Amino acid sequence: RGVQRLACFQVDPGSVMPTIIDGYNLLFRIGYLSPKDCGEENLERARDKLVQMLIRKSGPNNKFLVVYDGKQFPNLPDTFYPSAFVTVIFSQGETADELIHEHLRVAPQIKSITLVSDDRVVQESGRSFGCHVQFVLVPKE
């Protein structure tokens, strides 16, 4: 099921490959979420804030795929497209980590993909397939 949903995010050969983002991992690391404020309203607000930031940074040469765990939120859509260059996918029946792994397994031009996560297991998965793995960079205050 996950691979079928990821098919909607296929990139034409020769075009720029996306940055794949481990959604909740990033939200916690950059401070948009904390363990104390994980209510559904706060999660939605944090996801929206991230999407708006990515839309401002996106374009034909800068595409983003954000993957979230969706098992605990059955009312959320599987996939939505807030812009032509940003796609958001909620896992259904698998974890976001598993969905990211599956996407990397079937992705063409894997070496062109950047994976953003501080999760060690997700990073190892990305490295095993040969994509560029980037830590979440949190600016010092």
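Taking the Cα atoms of the range 37-110, what is the range of coordinates along each of the three principal axes, in descending order and whole Å?
37, 28, 18
Quick one: accessible surface of residue 102, probe radius 1.4 Å, all protein chains present, in square angstrom to the nearest 10.
Counting only protein heavy atoms, residue 102 exposes about 40 Å² to solvent.
Using alpha carbons only, what's the Rg to Rh ratio of the range 18-141 with Rh from Kirkwood?
Details: Rg = 13.8 Å, Rh = 14.7 Å.
Ratio of gyration radius to Kirkwood radius: 0.94.
Starting from 0.36 nm per residue, how many nanometres of slack lie between residue 34 and residue 124 once their C-alpha separation is accounted for?
Values: separation 90, 0.36 × 90 = 32.40 nm, distance 2.47 nm.
Going from the current span to full extension adds 29.9 nm.
The values are calculated or read from the model by the stated rules, or taken from the named source; none is laboratory data. Worth saying up front: this structure is predicted, and the values here are computed from it rather than measured. In case anyone asks, the SASA skips ligands and DNA or RNA and just uses the protein heavy atoms, side chains included. Shrake-Rupley method; radii C 1.70, N 1.55, O 1.52, S 1.80 Å.
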